[in-house]
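Derivation of every value follows stated rules applied to the coordinates shown; laboratory data play no part. These numbers come from a predicted model, not from an experiment. In this analysis, Cβ positions are derived from the backbone assuming ideal geometry, glycine residues included, and neighbour counts consider all displayed protein chains.
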Amino acid sequence: MVIISKKQQQVLSLIIAQGTLFSSSEVYNALQVTGDGQSLVTTKRLLSEMATGGLLAVRGAGPSTAYTVSSLGRLMADVDIQAYCAVEPDKRHGLASYNFDLLGAIPPDIFLDSEQHIVESATTEYQKRTADSPPAIRKKELERLIIELSWKSSKIEGNTYTLLDTEKLILEGREAPGHSKEEAVMILNHKNAFTFIYQHKNDFKSFSRSNLETVHALLVKDLSVGIGLRKKPVGILGSKYKPLDNVHQITDAVENLAHIIAKMETPYARALVALLGISYIQPFEDGNKRTSRLMANALLMAHDCAPLSYRSVDEADYREAMLVFYELNSLIPIKRIFIEQYDFAARNYAVK
């Protein structure tokens, strides 16, 4: 995993905000404004190290040198998501177009050693607690997970059902008064999609277009959403980012995503890349983020890891972290959420 120093993060933030900085002197002057007292020689050395490490792309030479942030550098940039998202969409400095190099630049060892320790320790506890739990307890735990996942994943998409409403709907078939039929269908579709994955988890050891389309079809059933890869453009509410609008490019992107996921070193990395990649490609006309969350869970469960319910995540934090990935291509905010939610799920459920 690429480890980024504080000074490297400063440089990445500066150049991402500007788009391009010309010459090491311009980078040096920009750093002085931030209060960094390092010398021009030190700045030149830092820029050289970042270029050699693949964090920066360099054009030209000497006084004509131009520095931009590479796809790897963007992925590793730790940005202030609140400050960025507080700016109106059309005034933000993020990217509006699909970055064809982005997903392929994700390192196979996407987690730092400290982060890997967190998820592996949580998995060890999860597997032990699950193995020690009698079948009746595991059945109740599965029921609880399905309810909480269906509620929170739907809530992230704007569904207004409460957790109690969701429990009554799933366990008793009682729709909450004052809510649309579509909200109830969205929640029940989550339940059915998760149940399908749970019953066929061995089929999800690898990511495939077929599995992806199957899960999506279950999630959008009876919601007037077309199934299969989309053939028309879609927009992202509150974002300047425009996903691919050509079905042939979308097809290629999904197939490429399958190859990228296969190269990841751990189930956690495969799940996180699925979560990010499906959301970024937006292969369907609707239901993309729901599908990404369920596919990530499918990859985890296929390898005896805990599925995420997202119960404790703040919906605004999740949406902003995804927006930063769309526009700035930084995976750091959503990776933090993934690790927090995985640790929470592994220590709070016993599902097998």
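Some values worked out for this structure:
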| item | result |
| --- | --- |
| Computed magnitude of the charge dipole of the chain (debye, nearest 20; Cβ of K, R +1, Cβ of D, E -1) | 340 |
| Note, ³J(HN,Hα) from phi for the range 68-78, Karplus 6.51, -1.76, 1.60, rounded to Hz, x at Gly and Pro | 10, 8, 6, 4, 4, x, 5, 4, 8, 6, 9 |
| Karplus 3J(HN,Hα) series, Hz, for the range 252-268 with 6.51 cos²θ - 1.76 cosθ + 1.60 (x for Gly, Pro) | 4, 5, 5, 5, 5, 4, 4, 5, 5, 4, 5, 7, 5, 7, 9, x, 5 |
| The chain - mean residue ellipticity at 222 nm from DSSP helices (-39,500 (n - 2.57) per run, n ≥ 4, rounded to 500) | -19000 deg cm²/dmol |
| Phi-based couplings in Hz for the range 225-240 (Karplus 6.51, -1.76, 1.60; Gly and Pro marked x) | 10, x, 9, x, 4, 6, 10, 9, x, 10, x, 10, 4, x, 10, 7 |
| Extreme residue, positive dipole direction of the chain, given options L323, F344, A131 (C-beta unit charges) | A131 |
| Only Lys, Arg (+1) and Asp, Glu (-1) charged, at Cβ; the range 233-297 dipole about Cα centre in debye | 260 |
| Label-point separation, E143 to S180 (7 Å along Cα→Cβ), nm | 3.1 |
| Charge-dipole axis of the range 91-202 as Lys and Arg at +1 and Asp and Glu at -1 on Cβ define it, positive-most pick from N202, L142, Y98 | L142 |
| Contact order relative to length of the range 103-348, as percent, for alpha carbon pairs under 8 angstrom and 6 or more apart | 26 |
| Three semi-axes of the equivalent ellipsoid, the chain, Cα gyration tensor, whole Å, largest first | 39, 22, 18 |
| Modelled label reach - R336, point 7 Å along Cα→Cβ, the range 4-18 residues with backbone N closer than 12 Å | none |
| Number of Lys pairs (Cα under 25 Å; 8 or more positions apart or on different chains) in the range 183-260 | 11 |
| Cα shape, the range 164-240, gyration tensor, a/c 1.5 rule | oblate |
| Hydrodynamic radius by Kirkwood, which averages 1/r over all alpha carbon pairs of the range 60-108, in angstrom | 13.3 |
| Dipole magnitude of the range 165-274, debye to nearest 20 (Cβ charges: Lys/Arg +1, Asp/Glu -1, about Cα centre) | 280 |
| Distant-in-sequence amide H partners of A57 (H built 1.01 Å from N, under 5 Å) | T68, V69, S70 |
| Average projection area in nm² (convex hull over Cα atoms of the range 6-78, one quarter of hull surface) | 4.3 |
| Under-5 Å amide H pairs with K242, H placed in peptide plane, nonlocal only | S97, Y98 |
